[in-house]
Each structure stands twice: as C-alpha cells, then as structure tokens.
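Participant: Handing you this structure, nothing more for now.
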Amino acid sequence: MSVNKPTLQEKIARLRESFISQLPARLEKAQQQMRLLKSDPQMNRVIAVELHRAFHSLKGTGKSFGFNELADIADVAEEYTQQLLDLPDHRTPSNWPHALEDLFHQLASQVQILVYTDLEKDHTVEAPFFEMGHTERLKASGDQPLIYICDDEPDQVDHLSYQLRCFGYQVEHYTETFDFREAVLRKRPDAVVMDVYFPHGRTAGTDELASIKDATGQALPAIVLSGRDDFEARLSAVKAGCKAYFTKPAKPLELAAALDELMGEYEEEPYRILIVDDEPEVAAYHSLILEEAGMLVYQIHNPALILEALRNFSPDLVLADMYMPICTGTELAGIIRQLPEYVGLPIVYLSSETNRQKQFSAMQVGVEGFITKPVIPEELVAAVALRAERMRTLRSLMARDGLTGLYNHTTTTELLESSLATAVRQQETLAMVMLDLDKFKDVNDTYGHMAGDQVIVALSRVLKHRLRTTDVMGRYGGEEFALLLKNLTPDVACSLVNELREDFSKIIFTAGKERFKCTFSAGISYYPGHRSGEELRMAADKALYQAKSQGRNQVVMDTQSHE
C-alpha cells in the first residue's frame, strides 16, 4: 500500500500549526521577562536584550508564515524596546511599563485569535512557497555510466564500444531504432550516441530521439555520430535536443570528453547549505524552500554547535539569523572567520532587521549579503545558489588541476592526512597508489605536448569512471598521479589497479596521422602496514620505482603492506 508524501504546502501548514501551538508559552515567557524588568528600577539590560530578541523573533517568524497582524505588533514592540536600550538609564521614561504592557495586551489578543480561530482556516497558500518539478537524475544503476549506441554499422561501432569501455563506460549497441526505443523505455541510459541515417529514413535516428522526447516529456542526453555532414542532418540533431555532433570516424577521446560534459549536467552535487537559526520552525521553513530547489540542507538551532557542524557537514554557504541567544549573527560570523579554512566561506544573514545602518555594521565582519524576512522563495533560492556556486568555483580553482579536474598536489597531500586520520578513527584500511606514465618524455618528444596532454586527460577519465566517488584521485605532478582507495583489502586494491592498467594500455591515441598506445606503472602502500601519511607516500614511491626498474607497465605492492 503506497503512502502519499506530504506536499510542500502541507509541510508549511504543519510548521505554521507548530508555531501557533507554541505562541502562548512564548508570550508567557516574554511577560515574565517584562515583570522582571518592572521589579528592577535600574532596568536590567540583559533582560531587556532578551525581551527585544523575543519581539524580533515573533516579528520575523510571523512574517515568514503570513501572520501579518501579529508581526506588525511585534515590530512596534521591538522598535520601542530598542529605543529604551539606546537611552541612558537616567533618561528612561517613567511610563515605559505602561507602553509595553499595552503592546503585550495587543499581542495576547492576537495570539488568542490565532489559537482559537486561525487553525481552523486553510492558510497553506498565504505563506510564500513555490513548487519545482523534480527531474529524474539520469544515472544508471552501478558505478559506470551507461551509454546506448544506436548505429547500423557494426564494424565501426564495435571499435568505438571497445575504446569507450576502456574509459570505464558500460556500452550497449543497437542496430535498429525500434530495439533502441524499447531499451530506453526499459532502462534509461546516462547518455546516447545516435546515428542520423538508417535504411528506413534519412533522419530516422534523430527522429526517434525526438519521438522519445515527446512520449516521455524529457529529452535524452544525446550526441550524434554520423557519416552525414549536411544542413538537414545537423538541423534534425538540433531539433531532437542533441548537444554535440561528430562526423565519422570520431576520435574516442573526443567523444568521451563530450559524453563527460553531457553527463556532467546531471551529476552535479547539490549545494550544501548550513542554516543557523534558534527558531526551529523558521529554520525548517527555509530548509523546505531550499530542499525543494534540490539543495542539501543541515539545520542547527544552537550557535554553540557551529564548529562541529562546519567540520561534519562542510557547507558551501551558511545562512544565519542575526539575533540568537548565546551570540548574535555578527559574533557567529566572527567565529567562523577565525578559522583559516573558512575565511572564504559565504555567510548570508537571514533576518527581519530592516535598519540599514545595522545591516551595514553586521556585514563588516566579511559577510556576503543580507536577506530580509519574510523571504520570497525564488529570491532566496537564487541568492543562495549564486553565492554557493561561486564558492564551488573558487574551491575548485584552488583545489583541482586545471587540465584533468583531479585534485592538485597540495589538496591530495592534505586529503592523504585527513583520509588516514579517518581510517585510524574508524578502524578501516587505506591504500595509497602512486601511478606514473611510462616513457612519457618520449611521447612528448615524438608526438608533441598536445598529444601528451591527451594521454594525461585520458588516464584521468579512466580513473574518474572506474573508481568510487569516495576514493581520492589527484594529479601529483607532471605525469604522476596519486590515488587513495578506502577500505579495500591489499589483494583487491592490487587487482583493481591492474585492471585499470590493462584497460588504459588498450586505448589508441592519435597525433596527426600517427597512432600510438601508452602504459603506466604503479606502486601501492597500505595502512595499517604504515602508520603515517609520509610513510605511506614513501613506501608507494619505492614500490613504483621497483615497478619501473622491473620493466614498467606493472603494479608492485609494497612488501610491508603484506604483513
């Protein structure tokens, strides 16, 4: 029996109900603070600040959930309390308790109305919300991308399929468009390579892609590979939604690059957003908006948990309230900026504070922006996505190699230490692999540096397609690569690297009219055989040197790793 999941509107309605149910207790707490203030002739400023924060919270949450009357009264109370805080003690007006008591009476009346009458109404549309269509992630089961090739020339396709499998793709070949259509409806591939011409139609291949798009409502991520190079064929590819067009014979490496770029659109990791807000309902509301847009959200309601959350969640952006207990949003940003690794982490305030001077002062600690409650969902998503994407780009530029997209030397070294620490803490294993392309100088000297770059990119593609996302892949320098394989036995690690070596050795490279192949050698070290990052690296280097001296194109396991 299937159970329907609650819609976004229903989730928001539940949050509103939760907020209303807590209103009497929150108002009673604020009234207790008021009584304490009245009993203190000097007006205790700590209590006054707490009372100001309570009014601010009611205003912001009330606006977020569409309770405008409640929010307006709380706004007046917050403003009046702020004026009292700004005055020196000797200038505090004697009638201040009467003014606040009158506001409390108004709040109590509004709370009573909400508790007894508002819950009976349907307010699911009054709070800002939006729905986003969920697009199916085009990732086939298994670790390797699934590619369908539809072409009625088996000889050419067999060679292409063989080369693509060496890069780490799963490949299925169909010679008839009907069989291809049936396969797509059974299991959607990650990408398609389609010919244009078939015996039953000059544009039968691309027509079939267009037909599937009309039938399913979603275009297949497709590339055309055809013997035709005319306007009619290319136009049919555009109309079918194809993203690239290759004429036969195509170079497998170029085709693999196009496939990677095509599938990259669907494999983008969701933005990781950390929300810090002491109001659980408000935090949950903003989380719903961002999650509906496909983001991964983690909430904390106690600012004291910020350091642990940063370490465990590794956010792309922090969304923080301005007024919270223990510390303000400004103080929270100051704590984050004390940590060198988070100096560039985007921080955005999310608050009902409308005073421009206070907003400006709060942003002087290096904050990215200020979003005023109540938020417009589309604007919140756009503002967060823009800043998170910029953070991702900066991180990638600093952490990754420009040619291959793998981690650079510095980042790989840092990840070696952190991965080893994790393996020790969780009592897991860690294999370090050092790879080096054989006779790479000869490749550059004979075929040119562009051909050498082609080889380096090809190896990086093999690694990315064949290894797990939990494994670390880095370009250590020049033609040398480093891998960190987590929780594998020595025999499995050695067997995996040998499979990579054999498949890479089968790839055919082209430089002008010349064709050539390339190989690599590898050395493997292992934790717990070695106890430090430096020991692991030196042992893997030593094993790599042994593989080179024994004739190259082989994998050697460090002897101590067997113990």
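Participant: Over the Cα atoms of the range 306-461, what Rg and Dmax result, in angstrom?
Facilitator: Answer for the range 306-461, Rg first and Dmax second: 21.8, 68 Å.
Participant: Please compute the modelled spin-label separation between Gln218 and Glu17, points set 7 Å along Cα→Cβ, answer in nm with one decimal.
Facilitator: With each label placed 7 Å out from Cα toward Cβ, I get 3.2 nm.
Participant: So, one more: So how much accessible area does Lys29 have, in Å² to the nearest 10, using a 1.4 Å probe?
Facilitator: Looks like 120 Å² after rounding.
Participant: For the range 440-527, what is the largest minus smallest coordinate of the Cα atoms on each principal axis, given in angstrom and ordered from greatest to least?
Facilitator: Principal-axis extents of the Cα atoms in the range 440-527, largest first: 44, 23, 21 Å.
Participant: I need the calculated FRET efficiency for the pair Ala99 and Asn68, taking r as the beta carbon distance and R₀ as 25 Å, to the nearest 0.05.
Facilitator: 0.70
Participant: I've got another one for you. When every alpha-carbon pair in the range 204-293 is counted, what percent end up more than 21 Å apart?
Facilitator: Cα-Cα pairs in the range 204-293 separated by more than 21 Å: 52 percent.
Participant: Additional query: Roughly what would the spin-label model give for Glu514 and Lys439, points 7 Å off Cα along C-beta, in nm?
Facilitator: Once both label points are built, they end up 1.2 nm from each other.
Participant: Mind pulling up the Rg/Rh value for the range 242-322? Radius of gyration and Kirkwood radius, both on Cα.
Facilitator: My calculation of the ratio gives 1.29.
Participant: Sticking with this structure for a sec: Which value in Å is the Kirkwood Rh of the range 409-563 over different Cα pairs?
Facilitator: 15.7 Å
Participant: When the accessible area of the chain is computed with all protein chains present and a 1.4 Å probe, what percentage of it is carbon and sulfur?
Facilitator: The nonpolar share, carbon plus sulfur, comes to 51 percent.
Participant: Let me ask you something else. Quick check: residue separation of Ser314 and Lys248 times 0.36 nm, minus the Cα distance between them. What number comes out in nm?
Facilitator: Going from the current span to full extension adds 19.2 nm.
Participant: Could you bin all the Cα-Cα distances of the chain into 10 Å bins starting at 0 and give me the percent of pairs in each, rounded to whole numbers?
Facilitator: Reading upward from the zero bin: 3, 14, 18, 19, 17, 13, 9, 5, 2, 0.
Participant: Taking the solvent-accessible surface of protein heavy atoms with a 1.4 Å probe, what is the per residue accessible area of the chain in Å²?
Facilitator: 49 Å²
Participant: Determine how many Å³ per residue the convex hull of the Cα atoms of the range 382-423 encloses.
Facilitator: 85 Å³
Participant: Report P(r) for the range 372-464: all Cα-Cα distances, bin width 10 Å, range 0 to the bin holding the largest distance, values in whole percent.
Facilitator: For the range 372-464, the binned pair fractions read 13, 26, 27, 20, 11, 3, 1 percent.
Participant: Using a Förster radius of 41 Å, what is the FRET efficiency between Val115 and Glu379 based on their Cβ-Cβ separation? Nearest 0.05, please.
Facilitator: 0.85
Participant: Nothing charged except the Cβ atoms of Lys and Arg (+1) and of Asp and Glu (-1): what's the magnitude of the dipole of the chain about its Cα centre? Round to the nearest 20 debye.
Facilitator: So the dipole magnitude of the chain works out to roughly 840 debye.
Participant: Let me ask something else about it. Just how large is the dipole of the range 163-220 about the Cα centre, in debye to the nearest 20, putting +1 at every Lys and Arg Cβ and -1 at every Asp and Glu Cβ?
Facilitator: 160 debye
Participant: Further, regarding this structure: Work out how much length Gln144 to Asp229 would gain on full extension: take 0.36 nm times their residue separation and subtract the Cα-Cα distance, in nm to one decimal.
Facilitator: So the extension gain works out to 27.5 nm.
Participant: From the residues Gly512, Leu23, Thr393, which one has its Cα farthest along the dipole of the chain in the positive direction, the dipole being from +1 and -1 charges on Cβ of Lys/Arg and Asp/Glu about the Cα centre?
Facilitator: About the Cα centre, the residue reaching furthest to the positive side is Gly512.
The values are calculated or read from the model by the stated rules, or taken from the named source; none is laboratory data. Since the model is a prediction, treat every value here as computed from it, not as a measurement. Glycine gets a Cβ as well: all are built from the backbone with ideal geometry, and neighbour counts include every protein chain shown. Calculation scope for accessible area: heavy atoms of the full protein, side chains included, ligands and nucleic acids excluded. Shrake-Rupley method; radii C 1.70, N 1.55, O 1.52, S 1.80 Å.
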